[in-house]
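Trainee: I have a structure here, written as structure tokens, and I will follow up with some questions on it.
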Amino acid sequence: MARQRVRLRGRFFLILFGLVAIIAVVIVLAGSGGGSAEVRYGDVSASIPVSAAVIRDESAVSTEKYEKIIFSVVEGEAIQNGAQIAQVFKRGYQDESMITLLRLQREIYEQQRKLITTDAAAGLADIEGRIATVESQIRDSARGDSSLDMLQLEQTLKSLQAERTTYLQNNVQPDATLTGLYNSLQEQEQTLANWTRNIVNSAGSGVVSFYFDGYERVLNASQLSMINAALINSVVKGGNTANAADVASETPLYRLVQNTHWYIAFVTKAEQPMRTVAGEQYYVVFDDYSTLTYQATALEPIVTETNVVNILEFNVDIGDFLDIRTVKATISKSAQGMMVPVEMIAYENGEPGVAVKSGETIYRVPVNILAADENNAVIVAKNETDTLISGQRIVKQAVKE
């Protein structure tokens, strides 16, 4: 049986030559770092969801351990130096002392009612009407039928009761019985004073809060240089509270917060393109707590080989975050400028950079990433001596500086 000769035509050789050329290019590109691209002008809008720790500009005030406390201000109240925060009762105090005091006050009130004149009784009725209204509000709040703040209502009631005491003292002529009761009350007040101490604010002006979570001394505006990724990750995973260290001699009493100056900190991976750049503005939306869009300024991030601690500074009222430690948020940023594919960015010790090819020379330019999505990133040279311009060739390889 005769064989049939296959005749190869010129078209076959052209196809074969093309395949060989493509394979050669792939081999060359793979050997030189996997590809190249051009720097070009563009814009990128990006956002990332984060879990963050709230860091407040605050002072934590402690006092000696006490038996009992009566607060003089309410949560979230703005105070100044000299404002009384609370009255604490020393260890060993017994409620019998207060019971005796209250009994004497009641006896004095009943005796004053017996001696009051008709003219003075009208003024007393007005005060007692206001007291009855507040007492009704307190009962409603205790039952859950009112949203009024219980502590604020109690402060209002105390103020009205003090007004009534002063009014009766000024408008009732005491007899022998009332004079004796006044003397007994004075002695009992002195006895009680030996067991109590008034806490007066000396930490400056700010907003007061009585909630503590154990992070106050490590997550504070004055300790920003000390925070790290391990701490922030621990806070975020642990929720809003921590086990505070036990202090044998003192107990936390209140925090004085600068309510228009605060921060959040969150961790990103060192090779994750989207990160913050010092001095840049970012938009923040907090999940669950607010529908507002906040604007914040980035501080210098804390960079290691594996993680970046990003810190954003806010100069608006802290609002709901006065006593909240962890939040979920979306961080957004739009930027225009020199744009490169994200795959062309290489990282050395957590710091991003691109390898610029000029002729036969390849050199690394450290960069800051202003914004990055899945494909592209807008970057700027980190050092003033470096320049990035449209049309520069960059290659996919890391070159030591």
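Trainee: Taking a 1.4 Å probe, which of Glu280, Glu67, Glu305 shows the most accessible area, and what order do the others take after it?
Mentor: On the way: Glu280 55, Glu67 100, Glu305 130 Å².
The most accessible residue leads, giving Glu305, Glu67, Glu280.
Trainee: Once both labels are modelled 7 Å past Cα along the beta-carbon direction, what's the Asn228-Thr361 spacing in nm?
Mentor: Placing both labels 7 Å along Cα→Cβ, they lie 3.9 nm apart.
Trainee: Still on this model: For Tyr182 and Asn194, compute 0.36 nm times the residue count separating them, minus their Cα-Cα distance, and round to one decimal in nm.
Mentor: Taking 0.36 nm per residue and subtracting the Cα distance, the gain is 2.4 nm.
Trainee: Shifting gears a bit: Would you please report the Å³ per residue occupied by the convex hull of the alpha carbon atoms in segment 27-184? Walk me through the intermediate numbers first.
Mentor: Working: hull volume 49.3 nm³, N = 158.
Each residue corresponds to 312 Å³ of Cα convex hull volume.
Trainee: Just to verify a number: what accessible area does Phe286 come out at with the full protein assembly present, 1.4 Å probe, Å² rounded to tens?
Mentor: About 0 Å², rounded to the nearest 10.
Trainee: Provide Rg over Rh for segment 295-401; use the alpha carbon set for both Rg and the Kirkwood Rh (inverse mean inverse pair distance). Each step should come with its number before you reach the end.
Mentor: Numbers: Rg = 16.8 Å, Rh = 15.9 Å.
The Rg/Rh ratio comes out at 1.06.
Trainee: How are the alpha carbon pair distances in segment 325-367 distributed across 10 Å bins from zero to the largest one, expressed in percent?
Mentor: Going from the shortest bin to the longest, the percentages are 20, 38, 27, 11, 4, 1.
Trainee: Still on this structure: So, by mean Cβ neighbours within 10 angstrom, what's the order for 252-259, 137-144, 153-160 with the highest one leading? Don't skip to the end; give the middle numbers.
Mentor: On the way: 252-259: 20.5, 137-144: 13.1, 153-160: 16.5.
Put in order of decreasing packing, that is 252-259, 153-160, 137-144.
Trainee: For segment 138-146, take each phi angle, set θ = phi - 60°, evaluate the Karplus expression 6.51 cos²θ - 1.76 cosθ + 1.60, and give the result in whole Hz per residue in order, putting x for glycine and proline.
Mentor: 5, 5, 4, 5, 5, 7, x, 8, 9
Trainee: With the radius of gyration and the Kirkwood radius both derived from the Cα set of segment 92-157, what is their ratio Rg to Rh? Write down the numbers at each step before the final one.
Mentor: On the way: Rg = 15.6 Å, Rh = 14.3 Å.
Reported Rg/Rh (Cα atoms, Kirkwood Rh): 1.09.
Trainee: Okay, next question. Can you list the equivalent-ellipsoid semi-axes of the chain, largest first and in whole Å, using the square root of 5 times each Cα gyration tensor eigenvalue?
Mentor: Working: eigenvalues 1124, 84, 63 Å².
In descending order the semi-axes read 75, 21, 18 Å.
Trainee: Calculate the spin-label point distance for Thr251 paired with Asp149, positioning each point 7 Å from the Cα along the beta-carbon direction, and give it in nanometres.
Mentor: The modelled label-to-label distance comes out at 2.3 nm.
Trainee: Could you tell me the calculated FRET efficiency between Glu107 and Ser205, based on Cβ-Cβ distance and R0 = 35 angstrom, to the nearest 0.05? Let's see the in-between values first.
Mentor: On the way: r = 42 Å, r/R0 = 1.20.
E(calc), rounded to 0.05, equals 0.25.
The values are calculated or read from the model by the stated rules, or taken from the named source; none is laboratory data. Bear in mind that the values here come from a model prediction, so they are computed numbers and not experimental data. Every residue, glycine among them, receives a Cβ derived from its backbone with ideal geometry; neighbour counts consider all protein chains shown. Accessible surface is based on the protein model in full, side chains and every heavy atom, while ligands, DNA and RNA are left aside. Shrake-Rupley method; radii C 1.70, N 1.55, O 1.52, S 1.80 Å.
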